[in-house]
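Chemist: The structure follows.
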Amino acid sequence: MVEITKQVHSVDGFTHPFPGGKVVPYIFIENEDDLTLIDPSFLPQLPILENYLANAGYDIRNVKRIILTHLHIDHAQAANEIRGRTGAKIYSHWIEAGYLAHNPPYNGPPTIQAIADVIKKSGLSAEELIKKFGSMELEPIIVDKQVSDGDRIGSLKVIHTPGHTPGHISLYQEQDRILFAADTIYKHVFGAEGMYIAPPIVSIDPVTATVSAQRLSRIKFDKLLMSHQDSPLVERARESVEKLVSNTLQKLNNKQ
C-alpha cells in the first residue's frame with residue numbers, strides 16, 4: 001500500500017484485462033477503524049486489497065462505506081461481495097445508481113465488440129479471463145446512498161464529472177488538497193503516453209468529459225489521484241490539468 005497522506009492510501013497491484021492497463025482502488029481513513037473504499041475493482045483480485053489492509057493494520061470489516069465513482073466493471077465488480085462481508089454502505093451519484101441497478105440498462109461504451117477486440121489482443125482465453133478478472137458483465141448493484149454534486153461522503157466532497165459515464169463523480173479532500181479524478185483523466189496507461197482525458201472508446205460523451213476536466217482544473221488541489229495511472233501527481237497537479245485541458249480544447253476547436 002502506498003501512503004499518499006496519513007489519510008489516503010492507494011492499493012497497488014490490481015491488473016487489468018486491457019493491455020497496458022492497471023486500475024487503482026483507494027482507501028480513505030476517516031478514523032482508526034472507519035475506512036472509505038473508493039472503487040473496489042475486480043472481485044477475483046479482492047485478496048490483494050485484503051492483504052494490503054492487513055499489512056497496514058486494518059481488516060476489511062473496517063470498511064464502512066464503498067464509493068463507486070461510476071458503473072464500469074473494473075471499478076464496481078467487487079462492491080456487492082464487500083458489502084455482504086462488511087455491511088458497508090454503497091454510494092454513487094443518483095444518475096449512476098439506476099444504471100448500476102440495471103434499471104435502465106446502460107448501453108454506453110465500451111461496446112461488447114470493443115471489449116472482445118481488446119481482450120483478443122491480450123492473448124487471454126475466455127477461461128483465463130474469467131479466472132483472473134471475473135465475468136465482464138456487471139451484476140446489478142443496489143446503491144444504498146445516492147448523492148448529488150456538492151454532497152459530502154464523510155470528509156470527501158462529491159463533484160459530478162459526467163462524460164466518461166453520465167453519473168461519473170470525482171472526489172475532493174480539501175484539507176490536503178487532494179483530488180480523486182477517477183476516470184476523468186488517465187496518465188500513461190493502456191499504451192498511451194502522458195496524460196489524457198477519458199477517450200471515446202470508453203466514454204459516452206468525450207466532449208463533456210473534457211468540460212468536466214476543465215471544471216476540475218478550477219479546483220484548488222495539489223495532488224491528483226487517478227484510477228488508471230502509472231503514478232499519481234503529488235505536486236503542482238492543477239497546473240498539469242490546466243495545460244491538458246487547454247491542449248485538448250485546442251484540438252477540439254481545430255477539428256471544427
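Each value in this text was obtained by applying a stated rule to the coordinates, not by laboratory testing. Bear in mind that the values here come from a model prediction, so they are computed numbers and not experimental data. Neighbour counts are summed over all protein chains in view; Cβ atoms, including those assigned to glycine, are modelled from backbone coordinates with ideal geometry.
Chemist: So how long is each side of segment 89-178 along the principal axes, counting just the alpha-carbon atoms, biggest first, in Å?
Modeler: 45, 32, 24
Chemist: Contact order normalised by length for the chain, with contacts defined as Cα pairs under 8 Å and 6 or more residues apart; what percent is it?
Modeler: Answer for the chain is 16 percent.
Chemist: What's the extension gain from residue 218 to residue 111 if we count 0.36 nm per residue and subtract their Cα-Cα distance?
Modeler: 35.3 nm
Chemist: Farthest toward the dipole's positive end in the chain, which of 16, 231, 241, given Cβ charges of +1 (Lys, Arg) and -1 (Asp, Glu) about the Cα centre?
Modeler: 241
Chemist: Counting only residues 5 or more places away or on other chains, whose amide H sits under 5 Å from the amide H of residue 4 once H atoms are built in the peptide plane?
Modeler: Hits under the 5 Å cutoff: 9, 10.
Chemist: What's the extension gain from residue 230 to residue 192 if we count 0.36 nm per residue and subtract their Cα-Cα distance?
Modeler: Between residue 230 and residue 192, full extension yields an extra 12.6 nm.
Chemist: Further question on the same structure: First obtain the Kirkwood hydrodynamic radius of segment 161-256 from its Cα pairs, then insert it into the Stokes-Einstein equation at 37 °C and 0.692 mPa s, and state the resulting D in µm² per second as a whole number.
Modeler: For these conditions, the coefficient is 249 µm²/s.
Chemist: Let me ask something additional. Calculate one ³J(HN,Hα) per residue across segment 82-94 by plugging θ = phi - 60° into the Karplus curve 6.51 cos²θ - 1.76 cosθ + 1.60, and present them in order as whole Hz with x for glycine and proline.
Modeler: With the stated coefficients, segment 82-94 comes to 5, 4, x, 8, 10, x, 4, 8, 9, 10, 7, 5, 5 Hz.
Chemist: OK, next. Pull up the cross-link candidates among the lysines for residue 187, meaning alpha carbon to alpha carbon under 28 Å and not fewer than 8 places away within one chain.
Modeler: 6, 22, 120, 121, 131, 132, 157, 220, 223, 243, 251, 255
Chemist: As an exercise, find the ratio Rg/Rh for segment 1-75 from alpha-carbon atoms, using the Kirkwood inverse-distance average for Rh.
Modeler: Rounded to two decimals, Rg/Rh equals 0.95.
Chemist: First measure r as the distance between the Cβ atoms of residue 201 and residue 55, then evaluate 1/(1 + (r/R0)^6) with R0 = 30 Å and state the FRET efficiency to the nearest 0.05.
Modeler: E between residue 201 and residue 55, to the nearest 0.05, is 0.25.
Chemist: Multiplying the sequence separation of residue 239 and residue 176 by 0.36 nm and subtracting their Cα-Cα distance, what value in nm do you get?
Modeler: 21.0 nm
Chemist: For residue 90, which sequence-distant residues (separation of 5 or more, or a different chain) have an amide H within less than 5 Å of its own amide H, given hydrogens modelled in the peptide plane?
Modeler: Residues meeting the criterion, in which the H sits 1.01 Å from N, are 66, 144, 145.
Chemist: To the nearest whole percent, what portion of all C-alpha pairs in the chain is separated by more than 33 angstrom?
Modeler: Here the tail beyond 33 Å accounts for 13 percent of pairs.
Chemist: Tell me the volume per residue, in Å³, of the convex hull enclosing the alpha carbons of segment 200-243.
Modeler: Expressed per residue, the convex hull around the Cα atoms of segment 200-243 is 82 Å³.
Chemist: Which of the listed residues, 105, 141, 40, is farthest toward the dipole's positive end in the chain, when Lys, Arg count +1 and Asp, Glu count -1 at the beta-carbon?
Modeler: 105
Chemist: If you find the alpha carbon centre of segment 200-256 and of segment 61-140, how far apart are they in angstrom?
Modeler: 24 Å
Chemist: Let me ask something else. Restricting to DSSP H runs of at least four residues, report the calculated mean residue ellipticity at 222 nm for the chain, -39500 (n - 2.57) per run over all residues, nearest 500 deg cm²/dmol.
Modeler: -9000 deg cm²/dmol
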